[in-house]
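In what follows, a single structure is set out as structure tokens and then discussed.
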Amino acid sequence: MGLRRKNKRLVVLSHEFVIQNHADTASCLVMSFLLGLMFEVLAKYAIIFIAVQYNVTYTTGDNGEQFHFYDYGPKDIATVFFYMLVAINLHAVIQEYVLDKINRRLHLSKTKHSKFNESGQLAFFYLFSFIWGASILNAEEFVMNPISLWKDYPHSRIFQVKFFYICQIAYWLHALPELYFQKIRKEDIPRQLCYICLYIAHISGAYILNLQHLGLILMVPHYLVELIFHASRLFYFSDENKQKGFTIWALLFVMVRLLTLTLSVLTFGFGLARVENPDFSIADGNFNVLPVRIGCLGAVCLTQAWMMWKFINFQLKKWREHVKNQIPKKKITNTKNKRTKKDLNRGQWTTNGERLLII
């Protein structure tokens with residue numbers, strides 16, 4: 001979000017007006033939903049946007065203990081919309097009070113300025129999501145029990161898992177209008193639009209197909225790798241000599257791609273295949289049939305292959321740039337060495353060891 005020019009009067013509902021005031025508009029909508037909770041007539045509608053819906057309670061027959069789980073349905077669209085507005089507000093706060101202040105000190109070019117803002121926003125998001133996702137994995141012990149990836153499918157959602165997915169989908173959906181609000185350069189839009197759509201498709205797919213355990217385990221290490229990359233890019237913009245983070249990112253990137261493929265093949269190829277339930281039912285959330293498993297595994301494999309292809313091209317490009325930069329340095333070094341030899345051949349040495357040139 002650019003700096004606001006209070007002295008400049010903008011035409012209401014013009015492009016500049018919408019861009020400069022989109023965060024305020026989102027804040028007003030959020031406040032209207034929250035104020036709706038104060039009125040009995042509006043509370044039953046406002047709660048659909050704010051609270052997580054489709055609570056299902058199970059009671060065990062032995063001791064009467066109750067377990068609260070959450071299903072999904074059309075009302076989740078309203079919840080996603082509300083938290084998408086919240087994400088727009090947070091995006092504006094981070095941009096105006098953190099990134100813009102740093103940008104003023106660094107005096108970056110337009111290209112670096114755009115990339116700095118992108119990495120700054122994503123670094124905050126990846127850090128928050130990694131900590132949140134890791135805490136869920138630790139609390140539910142998904143990592144210590146790999147069988148939970150396919151055992152008792154379809155899985156019943158706990159509150160933390162469902163709310164995590166709601167916020168993830170809301171964030172990546174909010175990134176679409178931000179391409180307009182942030183005045184992203186035309187040459188950067190296809191790249192950003194590509195990875196935003198991939199995130200929305202994969203996270204929504206895991207949510208709808210009841211693969212939230214697998215999706216959560218794959219998201220946490222992936223977010224860690226992306227966090228390292230964008231944090232390294234931020235340090236690089238502040239000081240171009242700080243490039244060690246990219247080496248760590250490259251190693252972890254390849255490892256996470258292998259981990260993703262391994263867990264996906266294990267889950268879709270072996271785990272879910274052994275507990276296959278032929279009763280395909282959308283109402284029960286059971287999608288454990290061969291065509292769905294093949295489609296999911298194919299989507300994951302194609303995405304990982306595409307990411308590795310982009311990664312290899314990126315590394316090759318950097319290597320070529322490094323080689324091109326080394327060639328002029330070698331020429332300069334060779335020229336200096338030649339001049340030194342000529343000077344030695346033309347020079348004489350005094351008894352004191354001082355070199356005297358013949359002019």
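Readers should treat all values here as calculations from the given coordinates under stated rules, not as data from a laboratory. Every value quoted in this text rests on a predicted model; they were computed, and no experiment measured them. Neighbour counts are summed over all protein chains in view; Cβ atoms, including those assigned to glycine, are modelled from backbone coordinates with ideal geometry.
For the pairs 110/242; 101/317; 242/324; 162/242; 244/310; 115/324, flag any whose C-alpha to C-alpha distance is greater than 27 Å.
Working: 110/242 21 Å; 101/317 32 Å; 242/324 20 Å; 162/242 39 Å; 244/310 20 Å; 115/324 24 Å.
From 110/242; 101/317; 242/324; 162/242; 244/310; 115/324, over 27 Å: 101/317; 162/242.
How about region 209-315: which GluC sites (Glu not before Pro) there are in a DSSP loop, with at most 11 other Cβ atoms within 10 Å of their Cβ?
In loop regions of region 209-315 (DSSP not H, G, I, E or B), the sparsely surrounded GluC sites (Glu not before Pro) are 240.
Please get the size of the charge dipole for region 207-280, origin at its Cα centre, with Cβ charges of +1 on Lys and Arg and -1 on Asp and Glu, quoted in debye to the nearest 20.
Dipole of region 207-280, to the nearest 20 debye: 220 debye.
Ranked highest first by average number of other Cβ atoms within 10 Å, how do 191-203, 209-221 line up?
Numbers: 191-203: 15.8, 209-221: 22.3.
The peptides rank, most packed first, as 209-221, 191-203.
Using amide H atoms built 1.01 Å from N in the peptide plane, name the residues 5+ places from residue 286, or on other chains, whose amide H lies under 5 Å from its own.
281
How would you rank 159, 237, 128, going from fewest to most other Cβ atoms within 10 Å of each one's own Cβ?
Details: 159 12, 237 20, 128 15.
Neighbour counts put them in this order, fewest first: 159, 128, 237.
Using the charge dipole of region 129-203 (Lys, Arg: +1 at Cβ; Asp, Glu: -1 at Cβ; taken about the Cα centre), state which of 194, 149, 129 has its Cα farthest towards the positive end.
So the residue furthest toward the plus end is 194.
If you average over every viewing direction, what projected area does the convex hull of the Cα atoms of region 49-305 give, in nm²? Could the numbers behind the result be given before it?
On the way: hull surface 62.4 nm².
Here the figure is 15.6 nm², rounded to one decimal.
Roughly how big is region 49-305's charge dipole about its Cα centre, with Cβ charges of +1 (Lys, Arg) and -1 (Asp, Glu), in debye to the nearest 20?
Here the size comes out at about 1200 debye.
What translational diffusion coefficient, in µm²/s and rounded to a whole number, does the Stokes-Einstein relation yield for region 87-205 at 10 °C and a viscosity of 1.306 mPa s, taking the hydrodynamic radius as the Kirkwood radius over Cα pairs?
97 µm²/s
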